[in-house]
Each structure stands twice: as structure tokens, then as C-alpha cells.
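These notes concern the structure reproduced below.
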Amino acid sequence: MTAIVSLRNVKKSYLRGKQKVEVLHGVDLEIQSGEFLALMGPSGSGKTTMLNLIAGLDQPTSGEVSVRDQRIDKLSRGALAEWRSRNIGFIFQFYNLLPVLTAEANVEVPLLLTNLSRAQRRQRVQTALQLVGLGDRVKHKPNELSGGQQQRVAIARAVVADPTLLVCDEPTGDLDRQSAEEIMNLLQALNRTQGKTIVMVTHDPKAAEYASRELHLDKGQLAQGVDARSVA
């Protein structure tokens, strides 16, 4: 397998007033193409910070972050925004859907910045919504959908532009157990049948079981976790 994400001696610190707060302490990590990685750890361990660095939402204080052999830590803010639009699909705990738009219009949003024709965009949107099992809900607005269905729309939006990576921050955190299981089955299917590389932050051990590898962060440092496929 080929490493699609590489972190080399990554450190991240913030200033809180005049105090320097170190969040990540020299992290090294490789994520393979087609892998489903779950990042776990207590609150404040640096999970979301690491996810934001991988997704290009933030940049390290020092160290290297590479995706597909491109040093994204060296990109300007504008270049990084363009890179994210082409390479990253985001799935959050809260769905961040636009309430006035239908499911299909919400999913189409990432494609509005591309050169695709209207017909091409519509075809991609239909394919993405069918992929997540909502082909019959395309005209529904968010308030007409359940929480699980809204998260499915968010997943369709994340995959519609065929990104290099799917990054998920607590994707089941706002769902009941049954809906959470449905969403995790969907993410696992995207990984196994569509070959999507997924990096997921979660506090839920049951959600982490769907990943192919678990890593644990504690006080800004990584401890090797479990390779789920080796015990499946």
C-alpha cells in the first residue's frame, strides 16, 4: 500500500494570552491509501487539531504535513483553500446543511466551484444521493429529514467531488445508536467498496470498531492502536 498522508515531527502550539500551549509534540504518522483510520483519545488530547492539520484547515507550528506527496504545510492560505476544495470531503458532528436548500441542492454546493456543466453536476448529485440511500429524498429540505438522513446528505456532499480524503469529526456524535450504526455501516462501505481513505475522530469505541486501524492520542502524542482487520 502507498502512504497517502504523512506527518513528520509535527508540532502544534497556540498562544493563550501570553501563555504558550503545546497541543502536539513531534507526531509522526503515515496513513495508507484506502485505509479507514480512527483517532481516539481524551478531550484535549489533540485529536481535532491533528485532523485539522491533515485536512489543511490549520498548519503546524513546525514539521511536515504531506498529502499525495504534496507539502500542504508550505501552501499559502489561498492555495490551501483551493487544495481543500479538490482533495478533502468533510463530515462533521453537526451536518452544516443549508436549511433553505433541498438535499440535492446541498449536495451540489461543492460542485459549484468546478467547471462541470449543470447536467454533469446533477448527474453527480444523483449518484451521490443514491450511494447513501437517499435517491428518493432529493427534494426534501433538512427539516423534513431525520438526523440520520441529514448526516447521509452531508456524506453525499462530502463524496460528490470524489475527494482524496474523507475527514470525519465525531460523525455519529449527534445521533441515536441505531442511526449511528447506519452511518458507520455507510462509511465502512465507502471505504471497502469505493476505496475511500477515511480519517475519523471519535470518542465512541463502537464507532471506532468499524475502522481498519485505531490510533490513540494522549497529551499530544500517539500510541499505536489496534489493527481491526487483523482481529476481524
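The values are calculated or read from the model by the stated rules, or taken from the named source; none is laboratory data. In this text, all values refer to a predicted model and were calculated from it rather than measured experimentally. Don't worry about glycine lacking a Cβ; one is built from the backbone with ideal geometry, like all the others, and counts go over all protein chains shown.
Cβ-Cβ under 7 Å, sequence separation 6+ or interchain: first residue in region 12-23 and modelled with pLDDT under 90, partner of a type in the set (A, V, I, L, M, F, W, C) and assigned to a strand (DSSP E or B). Which pairs?
So the pair list comes out as Tyr14/Val21; Tyr14/Val23.
For region 197-232, how many residues meet the condition of being surrounded by 13 or more Cβ atoms within 10 Å (Cβ to Cβ), outside any strand (DSSP E or B), at pLDDT below 90 and of a type in the set (Gly, Ala, Ser)?
Number of matching residues: 2.
Whether any residue in region 161-177 is modelled with pLDDT of 90 or more, within 26 Å of Val201 (Cα to Cα), among the hydrophobic types (A, V, I, L, M, F, W, C) and assigned to a helix (DSSP H, G or I) is what I want to check.
no
Restricting attention to region 53-69, does a residue exist that is within 19 Å of the chain's Cα centre (by Cα), in a strand (DSSP E or B) and surrounded by 21 or more Cβ atoms within 10 Å (Cβ to Cβ)?
yes
If only one of Ala38, Ala79 is assigned to a helix (DSSP H, G or I) and either buried (at least 18 other Cβ atoms within 10 Å of the Cβ) or not aromatic (Phe, Trp, Tyr) (or both), which one is it?
Values: Ala38 fails: assigned to a helix (DSSP H, G or I).
Of Ala38, Ala79, the one residue that is assigned to a helix (DSSP H, G or I) and either buried (at least 18 other Cβ atoms within 10 Å of the Cβ) or not aromatic (Phe, Trp, Tyr) (or both) is Ala79.
Hey, among Gln194, Gln150, Gln188, Gln178, which residue is surrounded by 16 or more Cβ atoms within 10 Å (Cβ to Cβ) and farther than 24 Å from Thr49 by Cα?
Details: Gln194 fails: surrounded by 16 or more Cβ atoms within 10 Å (Cβ to Cβ); Gln188 fails: farther than 24 Å from Thr49 by Cα; Gln178 fails: surrounded by 16 or more Cβ atoms within 10 Å (Cβ to Cβ).
The unique qualifying residue is Gln150.
Going residue by residue through region 178-193, is there one that turns out to be under 22 Å from Ala3 (Cβ atoms) and among the small types (Gly, Ala, Ser)?
Within region 178-193 (the criterion being under 22 Å from Ala3 (Cβ atoms) and among the small types (Gly, Ala, Ser)), the answer is no, since none of the residues qualifies.
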